[in-house]
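Colleague: Have a look at this one before I ask anything.
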Amino acid sequence: LKFASLVPSGYRRQLTASPTNRLALATRAAMAAVAAATARMLPGPLRAHRCRGEAAVAVAAHCPAAWRSGSSRSFASGIRMLRSEERDIVFHFAAEEFFMNSAKVTAPLMYLWRPDPVVTIGRHQNPWKECRLAQLEEDGVALQRRRTGGGCIFQDPGCSVFTFISPSGQFNIDKNLEIVLGALRRCGVNAEKKGRNDLVFEGRKMSGSAFRHVPDRGVSLHHGTILIDTDFQALQRYLTPDKRKLQAKGIASVGARVMNLREQFSDLSHGGLCDAFEAEFREVYGAHETEVEILDASSPTASEAAFQAVVAELRSPEWRLGRTPDFSHKLDTRIDGVGVLDVHLEVVGGKIQEAVIFSDALFPEVISQAMVALKDATYGRHGIRSALDGLRPEFEEEGPKVLLQALTDWLSAEVDD
């Protein structure tokens with residue numbers, strides 16, 4: 001058992017299977033640990049996952065299959081890197097959802113991908129206000145709602161996407177963005193962080209991010225885009241950004257504040273950027289032996305019932321479009337550093353019967369809980385503030401707390417008792 005402590009916890013847990021096989025398992029585990037350590041000291045051509053030599057084969061014979069595959073570091077640490085060439089954005093959103101809610105994520109995971117042309121909207125955005133639905137339908141461009149917050153964006157194969165998922169205790173947005181910036185530096189791009197979630201090159205935005213936390217699972221997600229060679233004409237054609245947001249940023253059009261990196265770096269490609277991401281991820285986490293997993297429609301993950309259930313839900317019109325019923329009270333604003341808030345209240349007999357909030361705020365869980373809290377609240381300053389103040393214990397992080405306070409202060413000030 002003492003020797004077995006040399007091996008990863010996944011194998012150590014086997015030692016408690018039954019009293020009768022503990023000694024055999026301990027012996028096997030110890031042999032595997034020594035064999036793996038020996039194999040790592042062999043020259044590259046003799047290593048178990050590449051060689052055909054008798055010496056390496058003899059060493060590898062004592063190693064568990066997961067180690068013989070060359071992924072010992074990955075197995076031991078739980079760190080994973082995945083890449084996909086699938087172009088259906090629903091596939092990628094389902095993969096993110098599966099990793100967050102059904103898979104066991106014990107260490108940082110990075111997933112790299114890019115989609116066919118699609119407009120994606122934040123979890124609580126109103127598609128009729130954010131984009132030109134008729135034009136999308138005419139051009140055969142998909143519309144898809146994300147689980148995360150943030151604004152409405154157009155994506156295509158010229159837009160590379162990164163996804164970071166990790167246990168919430170290890171989740172660090174700044175560290176994630178340092179990986180992104182480090183990967184860009186490997187490609188010769190000296191970008192910098194600006195604002196709450198953007199990366200810019202020479203003052204122009206070429207990357208944005210959105211976030212999601214699942215408290216009951218203790219897992220958090222951060223995904224974002226890198227604009228390499230996306231179709232900027234589509235931005236003008238399909239999106240209708242909030243005029244207050246444009247005015248606040250002092251610009252006249254969507255395209256004026258963004259750039260394709262290909263404008264300055266003609267040799268930059270999606271594949272090259274993914275290689276740089278993987279090299280930087282390995283460097284930051286010391287996961288030099290972690291191999292890249294390819295995820296596609298034929299992968300076992302994509303066949304899981306939980307994965308397929310998410311695909312079905314994300315494709316449903318109810319999720320994609322939501323609903324915008326006629327409400328008796330409509331209030332909207334834009335708060336610097338928070339985002340656009342568009343609140344629809346159905347008030348009957350002095351009580352809020354239903355509340356729908358559209359927003360591009362980065363913390364969708366605050367918006368979701370606010371809508372629940374407002375239902376059945378007394379309509380008026382005191383009633384609204386009391387309902388929303390009750391959510392304060394739910395949010396400890398600074399970002400969600402600021403959003404909740406801003407929503408509470410603004411909405412309660414806009415109505416009369």
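The values are calculated or read from the model by the stated rules, or taken from the named source; none is laboratory data. Everything numeric in this text was worked out from a predicted model, so none of it was measured. Every residue, glycine as well, gets a Cβ built from its backbone with ideal geometry; the counts of neighbours run over all protein chains shown. Note: areas computed on protein heavy atoms with side chains; ligands, DNA, RNA excluded. Shrake-Rupley method; radii C 1.70, N 1.55, O 1.52, S 1.80 Å.
Colleague: Somewhere in segment 330-345, is a residue touching a Gly at 6+ places or on another chain (Cβ under 9 Å) and more than 30 Å from A142 (Cα to Cα)?
Modeller: no
Colleague: Going by the conditions given, is S166 modelled with pLDDT of 95 or more, touching a Cys at 6+ places or on another chain (Cβ under 8 Å) and either among the small types (G, A, S) or assigned to a loop (DSSP other than H, G, I, E, B) (or both)? Quick ask: steps written out before the conclusion?
Modeller: Values: modelled with pLDDT of 95 or more: yes; touching a Cys at 6+ places or on another chain (Cβ under 8 Å): no; either among the small types (G, A, S) or assigned to a loop (DSSP other than H, G, I, E, B) (or both): yes.
Judged against the criteria, S166 is not a match.
Colleague: Further question on the same structure: Would you mind stating whether G349 is surrounded by fewer than 15 Cβ atoms within 10 Å (Cβ to Cβ) and either more than 22 Å from the chain's Cα centre (by Cα) or not aliphatic (A, V, I, L, M) (or both)?
Modeller: Yes: the conditions hold for G349.
Colleague: Could I ask something else about it? When you look at K401, is it within 15 Å of V347 (Cα to Cα) and at pLDDT below 95, yes or no? Let's see the steps before the verdict.
Modeller: Details: within 15 Å of V347 (Cα to Cα): no; at pLDDT below 95: yes.
In short, no.
Colleague: Can I ask one more? Identify the residue in segment 231-259 that is open to solvent by less than 10 Å² (accessible area, probe 1.4 Å) and not small (G, A, S) and, among all such residues, is modelled with the lowest pLDDT. Full working, then the answer.
Modeller: Here is the first cut: in segment 231-259, the residues open to solvent by less than 10 Å² (accessible area, probe 1.4 Å) are 234, 238, 259.
Then drop every residue that is not not small (G, A, S), which leaves 238, 259.
Values: Y238: 90, M259: 94.
Residue satisfying both the conditions and the ranking: Y238.
Colleague: Another question about this same structure. What about E138, is it open to solvent by 50 Å² or more (accessible area, probe 1.4 Å) and without any contact (Cβ under 8 Å) to a residue 12 or more places away in the chain?
Modeller: In short, yes.
Colleague: Could you list, ordered by first residue, the pairs with Cβ atoms under 7 Å in which the first is in segment 361-386 and of a type in the set (F, W, Y) and the second is open to solvent by 50 Å² or more (accessible area, probe 1.4 Å), at least 6 apart or interchain?
Modeller: Y379/K351
Colleague: Hey, another quick one. Identify, from the list L112, L177, the residue that is assigned to a strand (DSSP E or B) and within 18 Å of T225 (Cα to Cα).
Modeller: L112
Colleague: At least 1 residues that are touching a Pro at 6+ places or on another chain (Cβ under 9 Å) in each: list the strands (runs of 3 or more DSSP E) lying fully within segment 316-376 that qualify.
Modeller: Hits in segment 316-376: 339-348, 351-359.
Colleague: Suppose we filter segment 377-393 for residues that are touching an Asp or Glu at 6+ places or on another chain (Cβ under 9 Å), surrounded by fewer than 17 Cβ atoms within 10 Å (Cβ to Cβ) and assigned to a helix (DSSP H, G or I); how many remain?
Modeller: The number of residues fulfilling the criteria is 2.
Colleague: Here's another thing I want to ask about it. Filtering segment 188-215 down to residues that are outside any strand (DSSP E or B) and of a type outside the set (G, A, S), which residue is farthest from G169 (Cα to Cα)?
Modeller: Pass one, segment 188-215, residues outside any strand (DSSP E or B): 188-191, 195-197, 202-203, 215.
Subsequent filtering for residues that are of a type outside the set (G, A, S) retains 189-190, 196-197, 202, 215.
Details: V189: 31, N190: 30, R196: 21, N197: 20, E202: 34, P215: 11 Å.
Filtering segment 188-215 for residues that are outside any strand (DSSP E or B) and of a type outside the set (G, A, S), the one farthest from G169 (Cα to Cα) comes out as E202.
Colleague: Which one is most open to solvent (accessible area, probe 1.4 Å) among residues in segment 394-417 that are closer than 21 Å to G383 by Cβ and in contact (Cβ under 8 Å) with a residue 40 or more places away in the chain? Walk me through it before giving the result.
Modeller: Narrowing segment 394-417 to residues closer than 21 Å to G383 by Cβ: 394-395, 403-417.
Those still in the list that are in contact (Cβ under 8 Å) with a residue 40 or more places away in the chain too: 403, 406-407, 410-411, 414-415.
Numbers: L403: 5, A406: 20, L407: 0, W410: 31, L411: 0, E414: 100, V415: 2 Å².
Top of the filtered list is E414.
Colleague: Can you confirm whether A183 is touching a Ser or Thr at 6+ places or on another chain (Cβ under 6 Å) and among the small types (G, A, S)? Give the steps one after another, and end with the answer.
Modeller: Numbers: touching a Ser or Thr at 6+ places or on another chain (Cβ under 6 Å): no; among the small types (G, A, S): yes.
No.
Colleague: If a residue has to be open to solvent by less than 20 Å² (accessible area, probe 1.4 Å) and in contact (Cβ under 8 Å) with a residue 12 or more places away in the chain to count, how many in segment 260-309 make the cut?
Modeller: Result for segment 260-309: 15.
Colleague: Another question, then. With the requirement that a residue be modelled with pLDDT of 85 or more and open to solvent by 40 Å² or more (accessible area, probe 1.4 Å), what does segment 323-334 give you?
Modeller: Answer for segment 323-334, where residues must be modelled with pLDDT of 85 or more and open to solvent by 40 Å² or more (accessible area, probe 1.4 Å): K330, D332, R334.
Listed here are the residues, each with its yes/no results for (1) open to solvent by 10 Å² or more (accessible area, probe 1.4 Å); (2) more than 30 Å from V343 (Cα to Cα).
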{"residue": "M100", "(1), (2)": "no, no"}
{"residue": "L112", "(1), (2)": "no, yes"}
{"residue": "H124", "(1), (2)": "yes, no"}
{"residue": "K129", "(1), (2)": "yes, no"}
{"residue": "A142", "(1), (2)": "yes, no"}
{"residue": "T148", "(1), (2)": "no, no"}
{"residue": "F154", "(1), (2)": "yes, no"}
{"residue": "F171", "(1), (2)": "yes, yes"}
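Colleague: Can you tell me which condition D360 does not meet? The list is (1) among the charged types (D, E, K, R); (2) on the phi > 0 side of the Ramachandran plot; (3) buried (at least 19 other Cβ atoms within 10 Å of the Cβ), and all the others hold.
Modeller: Unmet for D360, out of (1) among the charged types (D, E, K, R); (2) on the phi > 0 side of the Ramachandran plot; (3) buried (at least 19 other Cβ atoms within 10 Å of the Cβ): (2).
Colleague: If you check every pair at least six apart or on different chains, which have Cβ atoms under 9 Å apart with a residue in segment 161-172 that is under 16 Å from M81 (Cα atoms) first and a residue that is assigned to a helix (DSSP H, G or I) and basic (K, R) second?
Modeller: F164/K175
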